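What follows is one structure encoded as C-alpha cells, with my remarks underneath.
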Amino acid sequence: MRVIVGVFLILSISAQNPLYKSLELFKRNQWQVNKVLKSQDQRFVGRMDEIEAAIIKQNDVIRHTMSQVDKLTKNSDESEEALNVAVGKIESLSSKLEESDAKFIAAAKEIQALKSKLESSELKVRLLEDRISDAEHADFSAQDGPETIKDIAVKAPASRIEKNPPVAVKAPKPEKVPVVQEKTDVPKQSAAKTPSKPVLVSGVPKADNEDDSSSGFAGLLSQLKERPTIAPTEAPKLIGDYDERGCAPIAQVSETAGGWVHTSWVDGGDDSSTSFNAFAYVPLPEFVPSDAKILMKFNGVASDIQVWQASPKRISSDGDLWLFTPTDFNVVKQNAGSTWKFNFIATVASSAPTMELSLCKNFDAPEVVEDTIMLLDYGIYENEKESAEESEEYDEDEIMLDYDLSTEEKPLDIISALGMVPAPKPANARPKPVSNFRPPIGAPIGSFNRPSTNRRVISGGRCSKPAGHAPVNPTQISANFTPSPVEELDVFQYDLNEVLHKSILFYEAQRAGKLPENNRVPWRGDSVLTDGCDIGVDLSGGWFDAGDHVKYTFPAAFTTTMLVWSILDYEDAYEAANELENALDQVRWKLEWLLAAHLSPNELVVMVGDPKADHGRWGPPETLKLRRPTYVVNQQKPGTEPAAETSAALAAGYLLFKTRDPEFAERCLTSSKQLLEFSDRNRQNYHKSVPEVTEFYKSWSGYEDELCWATAWVYKATGDVAYGRLARHYYDTFNCGKIEESFDWDKKQAGVQLLMAQITGEDKYRNDVNRHAVHLISRQATSRAGLLWFHKWGSLRIANNWGAFLLGASQIEPKLARAGEFALKGIEQLGYSLGDQGRSYVVGFGHNPPVRPHHRAASCPGGSSDCGNMLHSSKPNHWVLYGALVGGPDQNDRYYDKRSDYVMNEVAIDYNACYQYSAAALKHILING
C-alpha cells in the first residue's frame with residue numbers, strides 16, 4: 001500500500017514538471033497528425049476510385065469507337081462495290097450519249113438543210129413580192145403566162161456586191177379577165193402610167209368574196225367602216241370674235257390656249273405679291289394679221305415682266321394691262337393655223353396670279369410712262385435713258401460668270417440673279433441698277449446661286465449679233481494623211497491611217513460654234529453662236545448630232561467616251577498614224593462643251609435646239625435662224641442617263657489629259673464626280689423631265705446601265721476603293737453582266753463588262769466578257785454576207801459597235817481562250833464597212849463610196865440659206881463629208897445611195913465612234929504583231 005501511495009505521489013509531483021507537459025503536447029500533436037494523414041489517405045483512395053472509373057469509361061468509349069470503325073470499314077467496302085457498279089452505269093450512259101451525239105449531229109444537219117430550204121423559200125417570197133410590186137406598173141401585154149413560185153431560181157449570195165443594180169425580175173402575167181371599158185374624157189395615158197392591175201399568183205387561192213374586180217378592197221373598206229369608234233366631241237372654240245378695239249379673246253384650255261403659270265414663288269416673303277414663270281399659248285388663224293399683238297390682262301398690278309420672244313409694254317396706269325409685240329414676226333407666221341407659244345416671267349400683286357389673253361389687230365395702244373427693265377436679245381439692258389457717252393464708259397454687255405469649285409460660295413448680295421458678276425468697272429463708272437431677271441423654265445432659279453467654273457464668259461454682245469457666218473470661198477477638204485506601211489497593207493488591204501484621218505475630219509465637219517483658226521473643213525463656217533443665250537450660258541461649241549443641227553448630250557457623251565477610250569487603249573496606233581494631236585483636239589472640242597453644259601453640281605444641259613423645227617428645214621447651219629431653246633435637267637426635273645453618261649465621258653477625259661493638261665483634267669474629274677452624285681441621288685429617266693427628247697434619244701433600257709458605266713469610269717479615273725465597291729455593287733445589283741441585245745448609246749452592258757475586266761483583271765468580269773463575245777461570234781444574227789445584225793436602223797453602227805467590243809475583248813491580258821476568233825469577227829465588221837462586199841460605206845473612202853449621205857451642210861452649196869430641193873435630188877452632195885460612216889444596208893446586204901433614205905444614209909457622231917475605235921484597235925494589233 002505504501003508503495004502504491006509513493007508511486008502516486010511521485011507521479012503527482014512529476015506532472016508539474018515542464019518535460020512532462022511537453023511530452024503530453026507531443027502526444028496530442030501526434031494524434032492530430034495521424035488524424036490528418038488518415039483523412040488524406042481516405043481522399044486519395046476516393047480519387048483513385050474516380051480515376052479508375054474514368055479509365056474504365058474511356059475504355060468503353062474506345063471499344064465503341066473501334067466498333068464504329070469496323071462498321072465504317074465494312075460500309076466502305078460496300079460503297080466501293082456500289083461505286084464500281086455506278087462506274088459501269090456511267091460507262092454505259094457514256095456509250096449511249098455518244099450514240100445520241102451522233103443522232104444529234106445528224107439532226108443538226110437535217111435542221112441546217114431545212115433552214116437552207118426555208119431561207120430559199122423566204123428569198124423566193126421576197127423576190128415574188130418584188131415581182132408583184134413591179135407588176136403594179138408593168139405592161140403585161142407582151143407576156144406569155146404566169147410563173148409559179150417554183151419557177152423562181154434562187155442563187156447563193158455572192159461574196160461581193162455587183163457594181164450594177166440587180167436585174168429586174170419579169171413580172172407575172174395575170175389571168176385574163178373580161179374588162180368592160182367605159183368612155184372617159186381623161187386623155188389616154190401611156191401604159192407605164194396606167195392604173196395597176198390585180199396580179200394573180202399561181203398557187204394562191206382566191207377568197208370566196210373576191211372577184212377579179214376590186215371587191216376584196218371593198219370588203220376591207222366595209223370592215224373599216226364597221227369598226228367600233230368613239231363619237232367625236234366638239235372642239236372648244238379657242239379664239240372669239242374681234243371687238244371694237246380689234247381684239248379677240250382667247251379661251252383658257254390647258255397647254256392649248258391662254259396663259260398658264262408654270263412655276264411660282266413668293267417674292268420677298270410677302271405672299272401678297274407672287275413672281276412666276278408662265279407660258280402664253282396663242283392660237284393663230286390661217287392668215288395672221290401683219291400687226292398682230294397679244295393683249296394680256298392680269299388679276300393684279302404686274303411688273304418686272306421679262307420675255308424673250310416679244311416686247312412687253314404696259315398700257316394701263318394700273319399696271320394690270322400689258323401689250324406684247326412679237327420680236328420676230330416670221331416665227332409667228334410659221335405657226336399660222338396652229339399655236340404660237342412663248343415663255344415669260346412676271347411679278348403680280350396677287351397670291352394666285354391669273355391672266356386673260358386676246359389676239360389684237362389694228363390696235364392703238366395708249367402711251368403710258370414707264371421705267372421697265374427688260375431682257376432683250378438675251379442680254380440685260382435698261383431702257384435707253386443714258387447718253388452714248390455714258391454707254392461707252394462701261395460695256396454692260398461684258399459679263400463674267402462667277403464660279404470656282406475650290407472656293408466657298410459667295411454671299412448672294414454680290415451675285416446677280418443669273419449667278420453672274422459684272423466685270424470690274426472703271427473707278428469713275430456710275431453703278432447701274434441690277435435687273436430682277438429670273439431664268440426661264442428649264443433653268444431653275446436657285447441653281448444660279450451656285451458657282452460653276454464651267455460657265456463660259458459671255459462677252460461682246462454675242463447674243464445680239466448674227467448666229468452664224470457663211471464660209472468665205474468654200475472649197476473641198478484636202479485630205480492629207482501619212483500612208484500606212486506596206487507591211488500593214490499586206491495584212492489588211494485598207495489604209496488604217498487614212499481611215500483614222502478621215503474619221504477625225506468627219507467630226508471636224510460636225511463642229512458647231514466659232515471654228516478655230518486651224519479649221520480643216522473650208523466649206524464650214526461659224527454657226528449657232530447664240531446657243532445658250534436663253535439661259536445666259538455660252539453653249540455655242542460642241543458637235544451637231546447628225547445631218548441635222550440639234551445637240552443632244554446623251555449620245556454625244558457616249559461618243560466622246562468611246563473616242564477617248566480608243567486613244568487611252570491604242571495611243572500607239574494614233575501616234576503611228578501621225579494623228580494623235582488631231583485625235584486629242586477632236587475629243588477636247590466636245591469635252592469643253594460638256595463642261596460648259598454642266599451648269600452647276602446639280603444641273604446639266606441635255607439638248608439645244610428644237611428637233612421637230614430643225615428637221616423641217618434643209619439648209620446649212622451657218623444660216624440657221626430657228627429658235628434654239630435650251631433644255632436642262634436638275635434636282636426638280638432629274639435626268640439620270642445623260643448625267644451619268646457625261647460623268648463617264650469626263651472621267652475618261654481626265655485620264656487622257658491628266659499629264660497633258662492637269663488643270664483641264666481636274667475640271668473634268670470634279671464635274672465627273674458631281675454628275676455621278678447628281679445622277680445617282682436623283683434617279684429618273686430624263687425623257688420624263690424633257691419629253692421633247694422622247695422621239696429622238698429616249699433611253700429605252702433605263703438608267704441602270706449608265707450608273708454601272710459611270711461608276712466604273714470614275715473608279716478607273718480615281719482608283720478610289722469606295723468607287724470600286726460602288727461599281728461592283730451596281731454591276732451585280734443592276735445585272736450589268738448580262739448579254740444585252742445591243743451595245744450603243746442606250747445600252748452599255750457590253751462596255752461595262754469590258755471596262756471592269758480591264759480595271760480589275762478578275763475572272764468574274766473576264767468570264768462575262770468571254771460569254772458575251774462567244775455569243776456574238778456563234779449565236780448573233782447576221783446578214784447574208786456576215787454583218788452582225790440587230791435591226792435596219794444604222795446597221796453598220798451596231799455591227800461596228802459590237803466589232804469594237806470584240807476587238808477590245810481580244811486584247812484583254814492574259815488573253816482569253818478564243819481571243820483570236822473575237823478579233824477576226826470584229827475585223828470582219830470593219831472590213832465590211834470599208835469595202836469587203838464590193839463597195840465602201842464610208843464617204844470619201846475606198847471603192848464606190850456613198851455620195852449622197854443624209855447631211856444638210858454637205859449637200860448645200862456654200863452660203864445657201866435653203867437648199868430644200870437637194871433632199872430628193874439625185875445629184876451628189878456638193879461637199880465630200882470625208883470619213884462619215886452611213887447607216888448601211890439591209891439584212892439582205894442591199895443598199896441604195898439615196899439622200900432621202902435616212903435609214904440607209906443617215907450619218908451621226910455615234911456611228912463613227914466605235915468604228916474609229918475598231919480602226920485604232922486593228923492598227924494597234926498590226927503594230928504589235
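The values are calculated or read from the model by the stated rules, or taken from the named source; none is laboratory data. Being a predicted model, the structure only gives us computed values, none of them experimental. Using ideal geometry, Cβ is built from the backbone for each residue, glycine included, and neighbour counts are taken over all protein chains shown. Just so you know, the surface numbers come from the protein's heavy atoms only, side chains and all, with ligands and any DNA or RNA stripped out. Shrake-Rupley method; radii C 1.70, N 1.55, O 1.52, S 1.80 Å.
Residues satisfying the criterion are present in segment 687-708 (criterion: closer than 18 Å to ALA557 by Cβ, in a helix (DSSP H, G or I) and of a type in the set (Phe, Trp, Tyr)).
What do you reckon, is GLY786 within 16 Å of GLY831 (Cα to Cα), outside any helix (DSSP H, G or I) and in contact (Cβ under 8 Å) with a residue 12 or more places away in the chain? So GLY786 passes the test. The set of residues in segment 639-655 that are open to solvent by 10 Å² or more (accessible area, probe 1.4 Å) and in contact with a Lys or Arg (Cβ under 8 Å, 6 or more places away or on another chain) contains only LEU655. One residue alone among SER311, SER316, SER303 is of a type in the set (S, T, N, Q) and touching a Gly at 6+ places or on another chain (Cβ under 7 Å), and that residue is SER303.
What do you reckon, is LYS658 charged (D, E, K, R), farther than 23 Å from TRP713 by Cβ and surrounded by fewer than 24 Cβ atoms within 10 Å (Cβ to Cβ)? So LYS658 does not fit the description; no. If the condition is being touching a residue at least 40 places away in the same chain (Cβ under 8 Å) and surrounded by 24 or more Cβ atoms within 10 Å (Cβ to Cβ), then segment 746-775 contributes LYS748, GLN749, ALA750, GLY751, VAL752, LEU754, LEU755, MET756, VAL769, ALA773. Of all the criteria given as (1) among the acidic types (Asp, Glu); (2) under 23 Å from the mean Cα position of the chain (by Cα); (3) modelled with pLDDT under 95, the one not satisfied by GLU906 is (3). Contact map, segment 240-256: residues that are loosely packed, with under 11 Cβ neighbours inside 10 Å paired with residues that are outside any loop (DSSP other than H, G, I, E, B), Cβ distance under 7 Å, separation 6+ or inter-chain. Pairs shown: ASP241/ALA248; SER254/TRP260; GLU255/TYR281. Taken over segment 680-720, the criterion of being of a type in the set (Ser, Thr, Tyr) and farther than 15 Å from PHE734 by Cα is satisfied by TYR686, SER689, THR694, TYR697, SER699, TYR715, THR718. Please work out if ILE13 is in a helix (DSSP H, G or I), modelled with pLDDT of 80 or more and over 60 Å from the mean Cα position of the chain (by Cα). So ILE13 does not fit the description; no. Can you name every residue in segment 881-917 that is crowded, with 22+ Cβ neighbours inside 10 Å and part of a loop (DSSP other than H, G, I, E, B)? Within segment 881-917, LEU881, TYR882, GLY883, ALA884, VAL886, GLY887, GLY888, PRO889, ARG899, VAL907, ALA908 qualify.
Applying the condition of being open to solvent by less than 10 Å² (accessible area, probe 1.4 Å) and among the aliphatic types (A, V, I, L, M) to segment 547-571 and asking which residue is farthest from THR659 (Cα to Cα) yields VAL550. Would it be correct to say that LYS658 is closer than 27 Å to GLU762 by Cα and touching a residue at least 60 places away in the same chain (Cβ under 8 Å)? Against the criterion (closer than 27 Å to GLU762 by Cα and touching a residue at least 60 places away in the same chain (Cβ under 8 Å)), LYS658 does not qualify. Here GLN684, GLN636 are screened, and the one residue that is more than 18 Å from ALA596 (Cβ to Cβ) and within 18 Å of the chain's Cα centre (by Cα) is GLN684.
So that you can scan it fast, the table gives a plain yes or no per residue for (1) open to solvent by less than 10 Å² (accessible area, probe 1.4 Å); (2) over 27 Å from PRO366 (Cβ atoms); (3) without any contact (Cβ under 8 Å) to a residue 40 or more places away in the chain:
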{"residue": "GLY259", "(1), (2), (3)": "yes, no, no"}
{"residue": "ASN277", "(1), (2), (3)": "yes, yes, no"}
{"residue": "TYR281", "(1), (2), (3)": "no, no, no"}
{"residue": "SER303", "(1), (2), (3)": "no, no, no"}
{"residue": "ALA310", "(1), (2), (3)": "yes, no, yes"}
{"residue": "LYS333", "(1), (2), (3)": "no, yes, no"}
{"residue": "PHE342", "(1), (2), (3)": "yes, no, no"}
{"residue": "ILE345", "(1), (2), (3)": "yes, no, no"}
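Considering only segment 603-616, I want to know if a residue exists there that is crowded, with 22+ Cβ neighbours inside 10 Å, within 17 Å of LYS673 (Cβ to Cβ) and under 20 Å from the mean Cα position of the chain (by Cα). Yes, segment 603-616 has at least one match. Out of GLN811, GLN829, which single residue is at pLDDT 95 or above, of a type outside the set (Ser, Thr, Tyr) and open to solvent by 10 Å² or more (accessible area, probe 1.4 Å)? Selected residue: GLN811, the only one of GLN811, GLN829 that is at pLDDT 95 or above, of a type outside the set (Ser, Thr, Tyr) and open to solvent by 10 Å² or more (accessible area, probe 1.4 Å). Going by the conditions given, is ASP732 among the acidic types (Asp, Glu) and either within 27 Å of PRO629 (Cβ to Cβ) or open to solvent by less than 50 Å² (accessible area, probe 1.4 Å) (or both)? Taking the combined requirement at face value, the residue does not satisfy it.
Among the conditions (1) open to solvent by less than 40 Å² (accessible area, probe 1.4 Å); (2) without any contact (Cβ under 8 Å) to a residue 24 or more places away in the chain, TYR574 misses just one, which is (2). Of the residues in segment 840-856, at least one is open to solvent by 40 Å² or more (accessible area, probe 1.4 Å), at negative phi, in contact with a Pro (Cβ under 7 Å, 6 or more places away or on another chain) and of a type outside the set (A, V, I, L, M, F, W, C).
Applying the selection to segment 48-97, what residues are at pLDDT 80 or above and basic (Lys, Arg)? Listed by number, the residues that qualify are LYS57, ARG63.
Within segment 661-684, the set of residues being surrounded by 17 or more Cβ atoms within 10 Å (Cβ to Cβ) and either in a loop (DSSP other than H, G, I, E, B) or among the hydroxyl-bearing types (Ser, Thr, Tyr) (or both) comprises THR670, SER671, SER672, SER679, ASN682. Is at least one residue of segment 508-517 open to solvent by less than 10 Å² (accessible area, probe 1.4 Å), in contact (Cβ under 8 Å) with a residue 24 or more places away in the chain and assigned to a loop (DSSP other than H, G, I, E, B)? Yes: segment 508-517 contains one or more residues that are open to solvent by less than 10 Å² (accessible area, probe 1.4 Å), in contact (Cβ under 8 Å) with a residue 24 or more places away in the chain and assigned to a loop (DSSP other than H, G, I, E, B).
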